[in-house]
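These notes concern the structure reproduced below.
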2 protein chains.
Amino acid sequence: MKYKTIKAISLTVLFTVLSGNAFAQDYAPLLLLSKAEAKNISQHLGDYKALEKSFSKVKKGADKALEKPIEVPIPVDNGGGYSHEKHKKNYREMYYSGLAFQVTGDKKYAKFVEDMLLEYAKIYPGLPLHPKRKAEQNSGKLFWQGLNDCVWLVHGIQAYDLVKENISAQNRETIERDVFKSMAAFLSESESGKDTFNKIHNHGTWAVAAVGMTGYVLNDKDMVERALYGSAKDKKTGFIKQIDLLFSPDGYYSEGPYYQRYALQPFMVFAEAINRNQPELKIFDYRNQILRKATNTVLQLTDANGYFFPINDALKEKNFMTEELVFATNIVYENYNETAILPVIQQQGEISISGAGLKSAEAIQNMKKQEFVKNPMIIADGPEGKSGGLALFRMHTKKKDEQLTAVFKFASQGMGHGHFDRLGILLYNNDKEILQDYGAARFLNVESKSGGRYLEENKTWAQASVAHNTVIVDEKSHYDGDWKEAEKQAPHTIFSDISNPAIQIASAVESNAYAGVEMQRTVALIEAETPFMLDILSLKSKESHQYDLNFMYSGQIMETDFKYEPAVTALSPLGKANGYQHLWKLAEAKANPSLSKFTWLNDSRFYTISTLTDDTNKIVMTRLGANDPNFNLRNESGYMVRASDKKNYTFVSIIEPHGSFDPKLESVQDPHSKVEAIQILKQDDNYTAVLVTFKNKKSYTLLFANKKTTPATKHKMTINGKNTEWKGSYTLITN
Amino acid sequence: MKYKTIKAISLTVLFTVLSGNAFAQDYAPLLLLSKAEAKNISQHLGDYKALEKSFSKVKKGADKALEKPIEVPIPVDNGGGYSHEKHKKNYREMYYSGLAFQVTGDKKYAKFVEDMLLEYAKIYPGLPLHPKRKAEQNSGKLFWQGLNDCVWLVHGIQAYDLVKENISAQNRETIERDVFKSMAAFLSESESGKDTFNKIHNHGTWAVAAVGMTGYVLNDKDMVERALYGSAKDKKTGFIKQIDLLFSPDGYYSEGPYYQRYALQPFMVFAEAINRNQPELKIFDYRNQILRKATNTVLQLTDANGYFFPINDALKEKNFMTEELVFATNIVYENYNETAILPVIQQQGEISISGAGLKSAEAIQNMKKQEFVKNPMIIADGPEGKSGGLALFRMHTKKKDEQLTAVFKFASQGMGHGHFDRLGILLYNNDKEILQDYGAARFLNVESKSGGRYLEENKTWAQASVAHNTVIVDEKSHYDGDWKEAEKQAPHTIFSDISNPAIQIASAVESNAYAGVEMQRTVALIEAETPFMLDILSLKSKESHQYDLNFMYSGQIMETDFKYEPAVTALSPLGKANGYQHLWKLAEAKANPSLSKFTWLNDSRFYTISTLTDDTNKIVMTRLGANDPNFNLRNESGYMVRASDKKNYTFVSIIEPHGSFDPKLESVQDPHSKVEAIQILKQDDNYTAVLVTFKNKKSYTLLFANKKTTPATKHKMTINGKNTEWKGSYTLITN
């Protein structure tokens, strides 16, 4: 039976070759690149540098592909394995060849796509579920997970759209029946695919984009409607519902920026296709132009080199130069005339070969080199903006081109890719991670590392609370490490303000991470000779607990002002579970009676964490790597301040960049912290007052309301007999 | 008495100010910048970009200095401390102001230098030896070590040379007597200084340069002659003798490139001053233009970003952009018209404000961006080129812009800054360290780290043999860690060849590192689909020993083809002493019966060490950090193949870059080693034959003579009954 089919198809191929293009011109591409745009591109290739570069890459890729025989292997391998990489290569080569055909008009490129699709047509209908599928992931046929099959289809259908005009009716029928309809049915209607297709999740977005675009090209209204409105067409799932639920009104995507980047490709590419085929849907205006906000927000969630803050499951190697975001930025520029985004397109240096890309290449052609402006932002999370959020504080220092960025995360869980990092902070100096997030434990596509999937250590370490710069109660992760429980609750924003040049501040409460413990963190970046971070973390409980405030710093220890006991001839893990089992205990100390300081060097700056302590506090210095039999973990460093047997407790810390280390000039400035004292002046149910004094006698007093209040509300505190009055949530007094 | 002097000087200052410049124009600068050159610079400031940039930096520095009151503190602090940094700042500010005066003609700059020198004149004669001096270092007065005082003088005398014309006779007398003569006497004639002044060592070079240049400016022939020919003027020490002994005929400096960079500043600057004042000495032609070779060689001893290979005591943060080498490259270009060096000057982007700098700025003004060509080199060590040397192998791979560099060090000890790294190797992929050298354990000028000096761990770890990629016998360092013993012996080059496009190779013997043990290492970089390193290390002894072949690799472990026992819940140090006490033992394994493979990932490449083993070999995986109570060490990673209880033993390894890891495209290629087998076909006293087979069935047979031979000598080996004949030291047969 199988052989018969192949024979029949071979005859068809022969026939097509002989009969030439009798069937051409009854179809024109309708997804991302129209015939007119393709012509325009071919005429402007020499005029726009980014266009020339991008098309030359595409054409080179296509030419290289055409040199070799087509191979469509039976899928057998894990991520990183041969068949996996080959099918990825195939869809890329088809996509490149489709583009090359439209721009150059050379039919050999179209022929390549046609031939390859015919090969897929031979094997696809008979494929079983992938042999390397995992129970907890929906399976693909070409790849171990269905997600990759969707990505294949997103590219494959675009390639077909670009060359369809050059394919005979008979071969179109074969290809559409045995590849595209078969695949769309598998991905949206089969037992394995339907569930994902109707998920409010990035996997769902890839699925609906793949199927929806296939619907346009195959002129299958049913496919399109199911993609837009869900399998039942009841608008409870599908693309529109995904747009409603996956982004906050500020364009934050709850899985975090790493997955936002990834999801933006199907969101934007499908939106572009929708807009070209059903302009009446006004998809780019939908929900107050949410797709524009989503793109802008993810671009802001990056360090100075455009690398995404590695919140939740995230690989640190990704920045906004990736292809996914080339599509997104181009489409945003095309549809919103968003000039603020042009510096990113300029940095990307490449454009997508599409109508949007053409417009973008033109726009940056004679533009001077510009920096993408990074702003402080308060980004609300949740579909209605009521599930906490993220504060992004940014201040320049007096050093040339130096910007500090503090990230304070009080957002929702982010589903299965979420980490237990409630009220966690990060600190960056330009692109340098000062207080870091481990990101995900995964070596993408490296076969020897669990087939390139998320490693065991992603659960046991990377997602654990102790892997983050936050507080851990009784050595357990937030929500005891159960993401489904964590998904039910989000922190609450108490107040936030980024309008004040002297201080950027936010305060949030998390009440459900631990039964009976309320956690409130108030984080501020304060303008000073060198800006510093003020961090106030209050815990309230009726029971006694152990509270560990952890900092995963990056750099080399320079000095401490407390004595510690180093573990010099034997190391043992800090704990038994919840991430603690992965930390070697390097040293232990009894904290100082009033202030404990810890200084490290990172690149050309010193950094000190000064924490208000008494001699009941313990300090632990750690390094990651215990219980790691397969050497899956990076050996990062931790500094922990521990308060044991406490009910209510408040940690107050200053995180302070200072001085400089210049190996070129062999000069060192200010290697010692400048903080002199930290005091809690007063704290009750309603108010907190903290005083920080520096060695130069400058002092900063921060007073704030612990509970929600309006900007107009007047507050009064009496401290040491002196009254202070202010309006709104907080006031900062500088002396 | 002291008060009286100060009062007298104050009056003098007043008098000078009133009387203006009655004394000017009877002196013109004679060290590095003539009046004509200064005028030329002022006229061409706008014409040459590098000149404009460099002078603008100088002028800005001078202007900033002039804004603040002059302060010459009593020296009290360690490196990194206030008085230390202030005196460094002072000489830099004087030097900048001197240059600004000559170029702009604005006398305020001259006045600043004069005033500051008068302040130094007040304190200098009365200064005792520095309170923070160390027993083992010669003491300075302004700084804890005399070296820094010499550096002060090198700059101070140049500043004075530039402004002397603007200083009254009376103030000249004060300054020359109480600063320059006093300092020159201290540095060359005092008990503390004389010893260093007559040393064949970089400290000696700074001393003679300082005193010699002072001699020219003060017209003191005696000073100049002592600087050139040593205190006794017998030519047994002094600058000329230093040139004779400190460089090999190939321009290698035995302390290594890090110190070569540092020493080149006084070498080149003083040579320039000599050439301008005593051209008859033809200093730049001396010893076959050795100063030209020394500069070229140090520039070659760098990675793709110009960072010096961290051989011996070396900080890794230094590259050829440092000021020392700006002087050197400019002077080399000026005196030798060395155009090959211009790409380096272009990368430096700055020039020295000097005659040499002016010519350099002009030369690069309209030059296209050029890469500095990095060549394979065999660099002989020793004053006569007979003390072993360094092999520098370089090959491009098929990846764009990717060059592998293998460094094989069989050089002499390098005095007190030398490491016990006989027959050590390094491997770089462009600027990435693949097999690395720790460099020095030191945080330069960081007070909290032993006052910025070399740390204890420099001896206990960084200099130890086990800190290097070489063999360690019975867990002891070469020469038992005694540098004075090690200084007496150097390895011998057996053969080397970089003329063959298929293979770059060198073989060397070290017979004295361990009593009764002869070590021979033969290292080759071999052209292949991806070039690979072949490493053959033979040990011969009549007694049984433990041989540890260590590799300090850099990256994340990906896979091994042997089973290991990881230490997951407790770590202990690998050994007791000689660096072993600093290595945590992470895992231990019994080697495979024929071949053991260890694969790691560094940036975008996989690397595998494949070693010929049998099941008597042990393998140890380690991480640096044990016995480090002050957290002075970086936590680098080691892989060790151990052969116990052996007399004669040969390690054969392939170090092989392979595949790629591209997180942007999410693609992984060839993550597994391609080596199939390694065999020693034959080995006797005279010959070694090794066969390496790859999985694609390509094979490489290397045959070589173990002893010195001439290029014309014919050799014959019979292997498995088959005869092979060749001429010269080695032959490579590829199948």
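If you scan the stretch B:660-671, which residues turn out to be touching a residue at least 60 places away in the same chain (Cβ under 8 Å), farther than 19 Å from residue A:453 by Cβ and either part of a loop (DSSP other than H, G, I, E, B) or facing chain A (nearest Cβ under 9 Å) (or both)?
If the condition is that a residue be touching a residue at least 60 places away in the same chain (Cβ under 8 Å), farther than 19 Å from residue A:453 by Cβ and either part of a loop (DSSP other than H, G, I, E, B) or facing chain A (nearest Cβ under 9 Å) (or both), then B:670 is the only one that fits.
Restricting the first residue to the stretch B:574-589 and requiring it to be assigned by TED's automatic domain parsing to the domain that holds residue B:559, which pairs with a second residue that is among the acidic types (Asp, Glu) and surrounded by fewer than 24 Cβ atoms within 10 Å (Cβ to Cβ) meet a Cβ separation below 6 Å and a spacing of at least six or different chains?
Close Cβ pairs satisfying both conditions: B:575/B:475; B:578/B:475; B:580/B:475; B:588/B:565.
If only one of A:627, A:635, A:592 is more than 20 Å from residue A:468 (Cα to Cα) and assigned to a loop (DSSP other than H, G, I, E, B), which one is it?
Selected residue: A:592, the only one of A:627, A:635, A:592 that is more than 20 Å from residue A:468 (Cα to Cα) and assigned to a loop (DSSP other than H, G, I, E, B).
Filter the stretch A:235-288 down to residues that are at positive phi, touching a residue at least 12 places away in the same chain (Cβ under 8 Å) and assigned to a loop (DSSP other than H, G, I, E, B) and give me whichever is surrounded by the fewest Cβ atoms within 10 Å (Cβ to Cβ). Before you say what the answer is, go through the steps one by one.
Going through the stretch A:235-288, the residues at positive phi turn out to be A:235, A:238, A:251, A:256, A:282, A:287-288.
Going one step further and asking which of them are touching a residue at least 12 places away in the same chain (Cβ under 8 Å), we end up with A:238, A:251, A:256, A:287-288.
This time we only want the ones that are assigned to a loop (DSSP other than H, G, I, E, B), so: A:238, A:251, A:256.
Values: A:238: 26, A:251: 24, A:256: 28.
Checking each candidate, the answer is A:251.
Can residue B:351 be described as within 24 Å of residue B:46 (Cα to Cα) and away from every other protein chain (no Cβ under 14 Å)?
It is true that residue B:351 is within 24 Å of residue B:46 (Cα to Cα) and away from every other protein chain (no Cβ under 14 Å).
Applying the selection to the stretch A:417-457, what residues are hydrophobic (A, V, I, L, M, F, W, C), more than 17 Å from the chain's Cα centre (by Cα) and within 13 Å of chain B (Cβ to nearest Cβ)? Step through it out loud before you land on a result.
Taking the stretch A:417-457 first, the residues hydrophobic (A, V, I, L, M, F, W, C) are A:420, A:423, A:425-427, A:434-435, A:440-441, A:443-444, A:446, A:455.
With the extra rule that they be more than 17 Å from the chain's Cα centre (by Cα), the set shrinks to A:423, A:434-435, A:446, A:455.
A:446, A:455 - these are the residues of the stretch A:417-457 that are hydrophobic (A, V, I, L, M, F, W, C), more than 17 Å from the chain's Cα centre (by Cα) and within 13 Å of chain B (Cβ to nearest Cβ).
Take the stretch A:164-189 and flag every residue that is open to solvent by 30 Å² or more (accessible area, probe 1.4 Å) and either of a type in the set (Asp, Glu) or in a loop (DSSP other than H, G, I, E, B) (or both).
A:173, A:189
Please count how many residues of the stretch B:529-543 are buried (at least 18 other Cβ atoms within 10 Å of the Cβ) and not in a strand (DSSP E or B).
Residues meeting the conditions: 2.
Quick one: residue A:566 ticks every box in (1) touching a Gly at 6+ places or on another chain (Cβ under 9 Å); (2) farther than 26 Å from residue A:379 by Cβ; (3) not polar (S, T, N, Q) except a single one, so which number is it?
For residue A:566, the exception is condition (1).
Among A:356, A:411, A:406, which is among the aliphatic types (A, V, I, L, M), under 30 Å from residue A:98 (Cβ atoms) and crowded, with 20+ Cβ neighbours inside 10 Å?
Step by step, each of A:356, A:411, A:406 is checked, and only A:356 is among the aliphatic types (A, V, I, L, M), under 30 Å from residue A:98 (Cβ atoms) and crowded, with 20+ Cβ neighbours inside 10 Å.
Taking the stated definitions as given, is residue A:597 within 14 Å of chain B (Cβ to nearest Cβ) and open to solvent by less than 30 Å² (accessible area, probe 1.4 Å)?
Yes, satisfied.
Could you check how many residues of the stretch B:403-416 are outside any strand (DSSP E or B) and out of contact with any Ser or Thr (no Cβ under 9 Å at 6 or more places or on another chain)?
1
Would you mind telling me which numbered condition in (1) closer than 21 Å to residue B:670 by Cβ; (2) open to solvent by less than 20 Å² (accessible area, probe 1.4 Å) residue A:100 fails?
Against the list (1) closer than 21 Å to residue B:670 by Cβ; (2) open to solvent by less than 20 Å² (accessible area, probe 1.4 Å), residue A:100 comes up short only on (1).
Keeping to the stretch B:626-645, report how many residues are open to solvent by less than 40 Å² (accessible area, probe 1.4 Å), more than 8 Å from chain A (Cβ to nearest Cβ) and either among the polar types (S, T, N, Q) or within 30 Å of residue B:615 (Cβ to Cβ) (or both).
Of the stretch B:626-645, the ones open to solvent by less than 40 Å² (accessible area, probe 1.4 Å) are B:626, B:628, B:631-633, B:636-643.
Pick out the ones that are also more than 8 Å from chain A (Cβ to nearest Cβ) and you get B:632-633, B:636-643.
Narrowing further to those that are either among the polar types (S, T, N, Q) or within 30 Å of residue B:615 (Cβ to Cβ) (or both): B:632, B:636-643.
Of the residues in that region, 9 qualify.
Has the stretch A:507-514 got any residue that is closer than 19 Å to residue A:437 by Cα, of a type in the set (D, E, K, R) and crowded, with 20+ Cβ neighbours inside 10 Å?
no
Collect the residues in the stretch B:604-624 that are outside any strand (DSSP E or B) and either buried (at least 24 other Cβ atoms within 10 Å of the Cβ) or among the acidic types (Asp, Glu) (or both), keeping them in residue-number order.
If the condition is that a residue be outside any strand (DSSP E or B) and either buried (at least 24 other Cβ atoms within 10 Å of the Cβ) or among the acidic types (Asp, Glu) (or both), then B:613, B:614, B:615, B:617 are the ones that fit.
In the stretch A:458-483, which residue that is assigned to a helix (DSSP H, G or I) and surrounded by fewer than 24 Cβ atoms within 10 Å (Cβ to Cβ) is farthest from the chain's Cα centre (by Cα)? First the steps, then the outcome.
First, pick out the residues of the stretch A:458-483 that are assigned to a helix (DSSP H, G or I): A:458-462, A:465-467, A:478-481, A:483.
Now narrow it down to the ones that are surrounded by fewer than 24 Cβ atoms within 10 Å (Cβ to Cβ): A:458-460, A:479-481, A:483.
Values: A:458: 16, A:459: 18, A:460: 21, A:479: 22, A:480: 24, A:481: 21, A:483: 18 Å.
Looking at the filtered set, the residue picked out is A:480.
Does residue B:178 fit the bill of being at pLDDT 95 or above and over 20 Å from residue B:273 (Cβ atoms)?
Numbers: at pLDDT 95 or above: yes; over 20 Å from residue B:273 (Cβ atoms): yes.
It is true that residue B:178 is at pLDDT 95 or above and over 20 Å from residue B:273 (Cβ atoms).
How many residues, within the stretch B:387-413, are closer than 23 Å to residue B:519 by Cα and modelled with pLDDT under 95?
Total satisfying the criteria: 0.
So which of A:314, A:304 ends up being in a loop (DSSP other than H, G, I, E, B), within 14 Å of chain B (Cβ to nearest Cβ) and among the small types (Gly, Ala, Ser)?
A:314
Is it the case that residue B:393 is among the aromatic types (Phe, Trp, Tyr) and part of a loop (DSSP other than H, G, I, E, B)?
So residue B:393 does not fit the description; no.
Considering only residues of the stretch B:544-559 that are within 9 Å of another protein chain (Cβ to nearest Cβ) and not aliphatic (A, V, I, L, M), which is surrounded by the fewest Cβ atoms within 10 Å (Cβ to Cβ)? Working first, answer last.
Step one: filter the stretch B:544-559 for residues within 9 Å of another protein chain (Cβ to nearest Cβ), giving B:556-559.
Okay, now just the ones that are also not aliphatic (A, V, I, L, M), so B:556, B:559.
Details: B:556: 17, B:559: 20.
Once the filter is applied, the top-ranked residue is B:556.
Scan the stretch A:475-487 and tell me whether some residue there is out of contact with any helix residue (DSSP H, G or I) (no Cβ under 6 Å at 6 or more places or on another chain) and among the aliphatic types (A, V, I, L, M).
Among the residues of the stretch A:475-487, not one is out of contact with any helix residue (DSSP H, G or I) (no Cβ under 6 Å at 6 or more places or on another chain) and among the aliphatic types (A, V, I, L, M), which makes the answer no.
Filter the stretch B:85-97 for residues that are of a type outside the set (S, T, N, Q) and either more than 14 Å from chain A (Cβ to nearest Cβ) or farther than 30 Å from residue A:671 by Cα (or both) and give the result.
B:94
Please go through the stretch B:672-721 and give me each residue that is of a type in the set (D, E, K, R) and under 21 Å from residue B:521 (Cα atoms), ordered by number.
B:682, B:684, B:685, B:707, B:708
What helices (runs of 4 or more DSSP H), lying completely within the stretch B:34-140, carry at least 2 residues that are free of Cβ contacts under 8 Å to residues at least 24 places away in the same chain and not aliphatic (A, V, I, L, M)? Before you say what the answer is, go through the steps one by one.
Numbers: elements: B:35-44, B:49-67, B:82-104, B:107-123.
By residue number, B:35-44, B:49-67, B:82-104.
Return yes when residue B:607 is at pLDDT 95 or above and within 13 Å of chain A (Cβ to nearest Cβ) and no when it is not.
Spelling it out, it is not the case that residue B:607 is at pLDDT 95 or above and within 13 Å of chain A (Cβ to nearest Cβ).
Among the numbered criteria (1) within 37 Å of the chain's Cα centre (by Cα); (2) in a loop (DSSP other than H, G, I, E, B), which single criterion is violated by residue A:640?
Against the list (1) within 37 Å of the chain's Cα centre (by Cα); (2) in a loop (DSSP other than H, G, I, E, B), residue A:640 comes up short only on (2).
Name the residue that is nearest to the other protein chains (Cβ to nearest Cβ), counting only residues in the stretch A:672-697 that are open to solvent by less than 20 Å² (accessible area, probe 1.4 Å) and in contact with a Leu (Cβ under 8 Å, 6 or more places away or on another chain).
A:675
The values are calculated or read from the model by the stated rules, or taken from the named source; none is laboratory data. This one's a predicted model, so the numbers in the text were calculated from it and none came from an experiment. When we count neighbours, we look across all protein chains shown, and the Cβ atoms used for this are built from the backbone with ideal geometry, even at glycine. Side chains are part of the model used for accessible areas, which takes the heavy atoms of the whole protein and leaves out ligands, DNA and RNA. Shrake-Rupley method; radii C 1.70, N 1.55, O 1.52, S 1.80 Å.
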